[in-house]
Amino acid sequence: MDPTTLSLIQLGIVFFGLGFLGRLAGRIGMSPVPLYLLGGLAFGEGGLVNLGGIEDFAHIASEIGVILLLLMLGLEYTARELVTGLRQSWMAGLLDLVLNMLPGVAVALILGWGPVGALVMAGITYSSSSGIIAKVLGDLGRLGNRETPVVLAILVIEDLAMAAYLPILTAVLAGVSFLGGLTALGISLAVISAVLVGALRYGHIVSSALDSPDRESFLLKLLGAALLVAGVASALQVSAAVGAFLLGIAISGGTAENATRVLEPLRDLFAAMFFVLFGLNTDPGTIPPVLGFALILAVVTAATKVSTGWWAARSQGIATMGRARAGAALIARGEFSIVIAGLAVASGAVPAELAALATTYVLIMAVFGPVAARYVEPFVRLFQGKKSPEPEPSF
Amino acid sequence: MNIEETPLPGIGVRRELRLANGRRMGVVTHRDGQTELIISRRDDPDACAASIPLSAEESSALGALLGATQLIAQLSAEQKDVPGVTTHQILIREGSEYAGRPLGDTHMRTRTGTSIVALLRGGDVIGSPRPDQLLEPGDLAVIVGTDEGLAEAALILQSRT
């Protein structure tokens, strides 16, 4: 068969299958990320069916997927929210960083993956999934809760921290020296500060330059700008993803809302391809040996996230139950962990088992996180020895 | 009244006020314009007992309804010192004689001595309606007058064609 024809058929099968998986995820109220990973595992090397013909497309599509994921993450925040979040919750953010990076570092060192592997695993266990968490908080009707701003502030800081972490990671993975890594960090910190200040003062200029009443030209300008900025950032060793994130922050107001609306389906499409490609490149046969480590890591990092949330909520004067809710809400890991693992695996600087461990870990955490958030209250009550919640007599 | 405003990064803004009984009540406005009415739980003031999603019309209707109660309370309070004068609300029902006709047709002031000071319509308040204001089924007419006058006014407004 003609290779193009074969690719089309295989791509059709993959998208069609993902469509069903996405629907299933929506039905049972979970994030589709773990299902996409499973789909990739099933279709890839050592899986049920081996789809080899879509590698080229999948590769560039997944690159675009990461750029869109980060661009839309940036669109969600305004520069003002980032600055206020940083000012108010840097202590909680720091605790979050230390507590949750350490387990990843420990596992990488125990498994003998060296300092590069440790840096990668640190990022994987650190980053909560802002996508999953924001959705879960909304679904559970917790947006009015007092601990919710605490949780969101931690997520904001994590996403900002990623903007500093990713360039360092990119530089280290590329085998740049310690000094080179520091330079990359310096450049990226300077760029981040410049963008934050610029977005606070001149965000409307970027927005109006991109804005267009015509949907088609708006979409093309947006996508063009995103790829351009990502490409330039990548050439500067600042990581394409961070470039896109910063562009997202600079776009504000009505333009940001329209951009979210226009880009959402594209992001879903390309990001799904990204998760599938990650699964495709992971041989399911490598999972059983790392399963034990993934489970231990899951338990430990669930505990460290709960401690982070607990501490942050307590410092805001929130009672026991709210502290537990804040902690449990933070457990979910997802897209960011896979983005980090994806960067590492693509560079070839880390062993293949790391991909297997990252996949398994995210599979566990993306499923367990929302469940924990939902059932934390009865669980805590069990501990407190109280029977059932007192029914609300009347509103 | 102190309204506390909390930004919810990535989601929207929460505005709430502390009720006299210590509970929090307020509104979460999402970026996309979706509104949620929230009220805190009694046993756990950090949490919410209810968060009720409202459409744009629903929330504006609810807002006007709450505002209108205040208006009526205000009117009643103003007339407290005037003995024998009270405020009353009368619903213009479907099929009422004056539904669809201008307010002036009722000759309310001449016939009963009462005055229609406001109309509540679909969540909006039409203050000091003029005689050419059309009455619609579903309108709530806020009337001020003596008890006897109000009883007559009710008969007039509720009469059928």
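The values are calculated or read from the model by the stated rules, or taken from the named source; none is laboratory data. Since the model is a prediction, treat every value here as computed from it, not as a measurement. SASA here: full protein model, heavy atoms, side chains in, ligands and nucleic acids out. Shrake-Rupley method; radii C 1.70, N 1.55, O 1.52, S 1.80 Å.
If DNA, RNA and ligands are ignored and the probe is 1.4 Å, what is the ranking of A:Trp310, A:Trp90 by accessible area, most exposed first?
On the way: A:Trp310 85, A:Trp90 135 Å².
Order by accessible area, largest first: A:Trp90, A:Trp310.
When every Cα-Cα distance of chain A is counted in 20 angstrom steps from zero, the calculated P(r) takes the values 27, 59, 13, 0 percent.
Across chain B, the convex hull enclosing all Cα atoms gives 151 Å³ per residue.
Rank these by accessible area, largest first, 1.4 Å probe: A:Val300, A:Val66. Before the final figure, lay out the partial values.
Numbers: A:Val300 65, A:Val66 25 Å².
The ordering from most to least exposed comes out as A:Val300, A:Val66.
Compared with the dominant Cα axis of chain B, that is its longest principal axis, helix B:56-78 is turned about 60°.
For the range A:19-29, the Karplus equation 6.51 cos²θ - 1.76 cosθ + 1.60, evaluated at θ = phi - 60°, returns couplings of x, 5, 5, x, 5, 4, 4, x, 4, 8, x Hz by residue, with Gly and Pro reported as x. Ligands, DNA and RNA are left out, and with a 1.4 angstrom probe the accessible area of chain A is 43 Å² per residue.
Based on the alpha-carbon gyration tensor of the range A:93-182 and its eigenvalue square roots a ≥ b ≥ c, which shape applies: rounded if a/c is under 1.5, prolate if not and a/b is larger than b/c, or oblate?
Details: a/c = 2.94, a/b = 2.11, b/c = 1.40.
Prolate.
How high is the relative contact order of chain A, given as a whole-number percent (alpha carbon pairs under 8 Å, six or more residues apart)? Relative contact order here is 28 percent. The string of couplings for the range A:279-285 from the Karplus curve (6.51, -1.76, 1.60, θ = phi - 60°) is x, 4, 7, 9, 7, x, x Hz, one whole number per residue in order, with x for Gly and Pro. Per residue, chain B reaches -8000 deg cm²/dmol at 222 nm when only DSSP H runs of four or more residues are counted, each adding -39500 (n - 2.57).
Ordered from largest to smallest accessible area (heavy atoms of protein chains, 1.4 Å probe), the residues A:Ser193, B:Ser96 come out as A:Ser193, B:Ser96.
In Å², nearest 100, what accessible area do chains B and A bury in total when the solvent probe is 1.4 Å?
Summing both sides, the interface buries roughly 2200 Å².
For chain B, the fraction of 1.4 Å probe accessible surface lying on carbon and sulfur atoms is 55 percent.
I need the shape label for the range A:67-226. Rule: rounded when a/c is under 1.5, else prolate if a/b > b/c, else oblate, with a, b, c from the alpha carbon gyration tensor. Intermediate results must be reported in sequence, preceding the final value.
Numbers: a/c = 1.87, a/b = 1.27, b/c = 1.48.
Taking the square roots of the gyration eigenvalues as a ≥ b ≥ c, the range A:67-226 is oblate.
Counting only heavy atoms of the protein chains and using a 1.4 Å probe, B:Arg111 has close to 120 Å² of accessible surface.
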